[in-house]
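Here's the structure we're looking at; comments come further down.
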Amino acid sequence: MGNGGPTGSLVICPTPIGNLRDVTQRSLEALRSADVVCAEDTRVTGRLLAAYDIQKRLERLDEAAISKEADRILEHVRSGQRVVFCSDAGMPGVSDPGCRLVRAAQDAGLPVEVLPGPSAGVTAYVASGFTNPCFYFGGFFPRKAQDRSRLLEGLKALDAVLVFYESPARLVSSLQAAAESLPEREVAVCRELTKLHEEVYRGPAAQVRDEFAARAQKEGVKGEVVLVIDGPCAAEWDQERAAALVAARELAVRLRAGQAGEAAGAGEVDHAAGTPSSKDLAARLQEEFGISRNDAYEIALGR
């Protein structure tokens, strides 16, 4: 490349998440101009190429193959070829092996062109109707129950909509985890987006769980699924604030009574009483419990 030789490129090419008419003009141009098309599943990408009468050499490059085949694929780019990579559907690199191919090309100093296009996660976030302007995309929801619960507990305080990909076979257990960890939240199951049987089912977490548990027993749950959990609601914030205030008051009582061990002697101390000053106590309560400065000071004063 630096010596005037041919310069190829790796093109990250988004494909429709369902409806083949959602393919972009730039994606079609990239596929038509490609020297080789690498696909997570050649059958899926093959159907897209056939629909638009594009005939190209297809090479499979899935999760299992990408770590072994990345160097060989990048040799095509070094030799001046235009290599286009497609995932099963949507934006390559989002919860699929495309991210490793991009990183390998960048580490090798090779050109990477990323085309914008469909993404099931973003589509589901909008389709959910939740109005929080922030969202967290967590990829595929954990398989194990303890991992799901741990993840949701860790994200509980995040002021954002939570978006996950999920298998229809594990959907009910994931909804159960949401109902247990985030019972005040609304949840949306976005299924088969952009396809003939597209569905967005939204409601309180327990209601959505019961609906899909009934479906699973009766006929099973089918299709591609995105699970969307709304951000913290007013009732949840109120409950968390109330719990934090109770805990802060309990600690303040212990500290004022001189029953908190070493912690009672930290910072500026009122030596006559053997307890922290109101200022230091308020600062500690605010830091430990995330309560407001005013609440912390009122509690520190014993009000």
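Elements of the type helices (runs of 4 or more DSSP H) sitting completely within region 206-303 and holding at least 1 residues that are at pLDDT below 65: these cover 234-256.
I'm trying to understand the selection: among the residues of region 49-63, which are more than 15 Å from ILE12 (Cβ to Cβ) and open to solvent by less than 40 Å² (accessible area, probe 1.4 Å)? So that I can check it myself, show each step before the final result.
At the first step, the residues of region 49-63 found to be more than 15 Å from ILE12 (Cβ to Cβ) are 49-60, 62-63.
Of everything in region 49-63, those that are more than 15 Å from ILE12 (Cβ to Cβ) and open to solvent by less than 40 Å² (accessible area, probe 1.4 Å) turn out to be LEU49, ILE54, GLU59, ASP62.
When the residues of region 142-160 are narrowed to those that are free of Cβ contacts under 8 Å to residues at least 12 places away in the same chain and assigned to a loop (DSSP other than H, G, I, E, B), which ends up surrounded by the fewest Cβ atoms within 10 Å (Cβ to Cβ)? Of everything passing the filter in region 142-160, LYS144 is surrounded by the fewest Cβ atoms within 10 Å (Cβ to Cβ).
In the set LEU152, LEU101, which member is closer than 18 Å to CYS38 by Cα, aliphatic (A, V, I, L, M) and in contact with a helix residue (DSSP H, G or I) (Cβ under 7 Å, 6 or more places away or on another chain)?
Numbers: LEU152 fails: closer than 18 Å to CYS38 by Cα.
Selected residue: LEU101, the only one of LEU152, LEU101 that is closer than 18 Å to CYS38 by Cα, aliphatic (A, V, I, L, M) and in contact with a helix residue (DSSP H, G or I) (Cβ under 7 Å, 6 or more places away or on another chain).
Looking only at region 177-187, residues that are in a helix (DSSP H, G or I) and crowded, with 18+ Cβ neighbours inside 10 Å come to 4 in all.
Taking the criterion of being of a type in the set (A, V, I, L, M, F, W, C), out of contact with any Lys or Arg (no Cβ under 8 Å at 6 or more places or on another chain) and part of a helix (DSSP H, G or I), the residues of region 63-116 that qualify are ALA64, ALA65, ILE73, LEU74, VAL77, CYS99, LEU101, VAL102, ALA104, ALA105.
Results for (1) of a type outside the set (Lys, Arg); (2) farther than 12 Å from ILE229 by Cα; (3) buried (at least 19 other Cβ atoms within 10 Å of the Cβ), shown as yes or no for each residue.
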| residue | (1), (2), (3) |
| --- | --- |
| LEU162 | yes, no, yes |
| SER167 | yes, yes, no |
| ARG191 | no, yes, yes |
| GLU198 | yes, yes, no |
| GLY203 | yes, no, no |
| ASP210 | yes, yes, no |
| ALA213 | yes, yes, no |
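Taking the condition of a type outside the set (A, V, I, L, M, F, W, C), more than 23 Å from PRO116 (Cα to Cα) and surrounded by 16 or more Cβ atoms within 10 Å (Cβ to Cβ), does GLU69 pass? It is true that GLU69 is of a type outside the set (A, V, I, L, M, F, W, C), more than 23 Å from PRO116 (Cα to Cα) and surrounded by 16 or more Cβ atoms within 10 Å (Cβ to Cβ).
Inspection of region 126-133 identifies at least one residue that is part of a helix (DSSP H, G or I), under 29 Å from GLY98 (Cα atoms) and at pLDDT 95 or above.
Would you mention how many residues in region 183-204 are aliphatic (A, V, I, L, M), within 18 Å of the chain's Cα centre (by Cα) and over 16 Å from GLY138 (Cα atoms)?
Initially, region 183-204 is screened for residues aliphatic (A, V, I, L, M), giving 187-189, 193, 196, 200.
Now restrict to residues that are within 18 Å of the chain's Cα centre (by Cα): 187-189, 193.
Adding the requirement that they be over 16 Å from GLY138 (Cα atoms) leaves 193.
Total satisfying the criteria: 1.
Against the conditions (1) of a type in the set (A, V, I, L, M); (2) without any contact (Cβ under 8 Å) to a residue 24 or more places away in the chain; (3) under 18 Å from GLY90 (Cβ atoms), VAL163 satisfies every one except (2).
The C-beta contact set for region 188-202 (first residue outside any loop (DSSP other than H, G, I, E, B), second residue of a type in the set (S, T, N, Q), distance under 7 angstrom, 6+ apart or interchain) comprises ALA188/SER128; CYS190/SER128; VAL200/SER128; ARG202/SER128.
The values are calculated or read from the model by the stated rules, or taken from the named source; none is laboratory data. Predicted model only: the values in this text are computed from it and were never measured. Here the Cβ is made from the backbone with ideal geometry for all residues, glycine too, and neighbour counts use every protein chain on show. Keep in mind that these areas ignore ligands, DNA and RNA; they rest on the heavy atoms of the full protein, side chains included. Shrake-Rupley method; radii C 1.70, N 1.55, O 1.52, S 1.80 Å.
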